[in-house]
Each structure stands twice: as C-alpha cells, then as structure tokens.
Amino acid sequence: MLHYRSVPEAEAVLQRNLTTAEAAWLRYSAGTHDLWLYFHNIIFLLVVYTLAPLPLAVLELTRPDAIRRYKVQPKVPVSLSAVLRCYRNVVCSFLLTVGPLQILSYPTVKWVGIRTGLPLPTWWEATAQVGVYVVVEDYANYWVHRAMHTPWGYEKIHHVHHEFTVPVGFAAPYAHWAELLLLGVPSFLGPALVPCHITVFWLWMVLRHVEAIETHCGYDFPHTPTKYIPFYGGAEYHDYHHFVGRQSQSNFASIFTYCDYIYGTDKGYRYHKDLRAKIR
Ligand SMILES: [Zn+2]
Ligand SMILES: [Zn+2]
C-alpha cells in the first residue's frame, strides 16, 4: 500500500517528477491493501488461461484442416468435450487450490521483499529480473518434473497431467492439485531470491503461464517469436514428452532444452527425431 495519496506528495518524497506509469500506479494502488494487489495474480492467470489458448482451440475444433500440417500429432483429433472438461477442472483447481495458496503465501511474499510502492522498476531492471526467474524456474522445474516421473510421483500425482497424450493449450495447467502447489515453488523461487516489484511479479507469472500454454498448444508453427530464443524447447519438444507419457524419461525441462542435454534426458527425443527425419 502506498503511503502517499497524491502525486505532489509522492514527488516530494522521491524528490523528482513521477513518470506517467508511476502516476498511474499511484492512482490505482494508493489505499489498496497489498494482499489484494497480490491477489490480482490469480485474476490475471484466469484471464490469460481463458483467452490465450482460445483462438487455436476454436480453429482446431472448427477448421482443423487449415492448420493440420502444423500439428505435431496430426492423426489425433481433439474433442470439444475433452477441452471443456479440461477447462472446467483447471478453473476449479485455480479457485480451490491456487486461490487459497495466494492468501496463505502472502506473508512469505512480504517476507521475501516483493514491494508495491514507488518508484516503479525500470524496463531493464524488470527484464533482468524476469531473465533470472526464467533460468531459476527452468532449472528447479526440471528436477521437480523429473521427480514426478518416479513410479510414486507418477502414480500418485503426475499421471493427471499426462491424461493428455496429445496436448492442447488448455491442458497446460491441467494437473493434480498437489502438482499445482509443487510447481508453484520453482515459479516463486526466482522472485524469492531476487525480489521485485509486484508489477514485475505479475508480468513474470503471466509470461510463465503464456509460455506453458504455447508449449502445450500441440502445434509447431514456423517463425513463432519463441523460435528465436536460444535453447528454447517449445511445443514440439514438450509434445514428445506427452506422446511417450508414463514411460517418458525424456524432455523434463519446462522452458529450455539445455538441462535435458546436460543431464542426458533428451536421448529418447533425439532418437525419435532422427528416426522421423530418416522416414521422411
Ligand atoms: Zn511429465
Ligand atoms: Zn506438459
């Protein structure tokens, strides 16, 4: 919560003029409790989850032939009932699991030093922080996901996420409630190590969510912006993990490919890829 209620008051404390963004932030957040600002996160996640996978899902259900050549597993159609069931389950999980987690984790958010006041971070500061979070998340998520593929982890928890052997964007956060809680740890680890402004925290969670939706979209389109990110895994990379399913000991990383390369868990995928290249 901001402790000054007007632009002149804030400018007197900061001893400079506020930027347009800072003045807007002051108008929006002055007098708003930090818990409510933090709780915005789940609202953003729900909005992004509803809207981001929608265009491709509509296209796939109404005009599948138009985009079939980009589908990673073209012979397996996705049904409307499966998508609706997935959406309903994920929204319930968000409201019943992630929502309470947001409230319970609020003291930790305050403790690690995620701030809501002024000044707002600069663009380079926000970019550097999100860059750190991406690397930390990818590494920690790799090990959490790998642990999920032990017999116990898979049987008790992770099998739910693998119900979709042909992933769709809506299935990105489709998982057992315990997995949703566990995967919150890698996502939160970066902000805990390098605390940021709440707006950067929102940005990071939204970007991570969009990345997961893109990775699960089931389509490998040429020239998507993520194709230009070095070592980025993407839809085709993660699709293989779902295609193999229960037995999968390959492609555990959530964002990049280098953890799987370093720890030797991309051999099945490389073999599969080489084989497909020879058949073509
Ligand atoms: Zn898995
Ligand atoms: Zn997945």
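Quick grid of which residues meet (1) more than 19 Å from the chain's Cα centre (by Cα); (2) more than 26 Å from Trp36 (Cα to Cα):
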| site | (1), (2) |
| --- | --- |
| Leu80 | yes, yes |
| Val91 | no, no |
| Leu96 | no, no |
| Ile103 | yes, no |
| Trp111 | yes, no |
| Leu118 | yes, no |
| Pro121 | yes, no |
| Ala126 | no, no |
| Asn141 | no, yes |
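Looking at region 215-233, is at least one residue small (Gly, Ala, Ser), assigned to a helix (DSSP H, G or I), more than 13 Å from the chain's Cα centre (by Cα) and within 16 Å of ligand 2 (Cβ to nearest atom)?
No, region 215-233 contains no residue that is small (Gly, Ala, Ser), assigned to a helix (DSSP H, G or I), more than 13 Å from the chain's Cα centre (by Cα) and within 16 Å of ligand 2 (Cβ to nearest atom).
Could you check region 89-99 and list, in sequence order, the residues that are modelled with pLDDT of 95 or more and either closer than 10 Å to Phe170 by Cα or touching a helix residue (DSSP H, G or I) at 6+ places or on another chain (Cβ under 6 Å) (or both)?
If the condition is that a residue be modelled with pLDDT of 95 or more and either closer than 10 Å to Phe170 by Cα or touching a helix residue (DSSP H, G or I) at 6+ places or on another chain (Cβ under 6 Å) (or both), then Val90 is the only one that fits.
Would you kindly identify the helices (runs of 4 or more DSSP H) lying entirely within region 1-69 that contain at least 1 residues that are surrounded by 14 or more Cβ atoms within 10 Å (Cβ to Cβ) and not β-branched (Val, Ile, Thr)?
Per the criteria, 7-14, 20-29, 34-51, 54-62.
Go through (1) of a type in the set (Val, Ile, Thr); (2) within 16 Å of ligand 2 (Cβ to nearest atom); (3) farther than 22 Å from Cys217 by Cβ one by one and return the number of the condition Thr165 breaks.
Here Thr165 clears every test but (3).
Return the residues of region 238-258 that are without any contact (Cβ under 8 Å) to a residue 24 or more places away in the chain and part of a loop (DSSP other than H, G, I, E, B); say none if nothing qualifies.
Ser250, Asn251
Kindly provide the set of residues from region 259-280 that are outside any helix (DSSP H, G or I) and either at pLDDT 85 or above or of a type in the set (A, V, I, L, M, F, W, C) (or both), ordered by number.
Tyr263, Gly264, Thr265, Asp266
Would you mind stating whether Pro191 is under 18 Å from Val109 (Cβ atoms), more than 14 Å from ligand 1 (Cβ to nearest atom) and buried (at least 20 other Cβ atoms within 10 Å of the Cβ)?
yes
The values are calculated or read from the model by the stated rules, or taken from the named source; none is laboratory data. Treat the numbers as computed from the prediction; the structure is a model and nothing was measured. Positions of Cβ are generated from backbone atoms using ideal geometry, with glycine treated the same way; all protein chains shown enter the neighbour counts.
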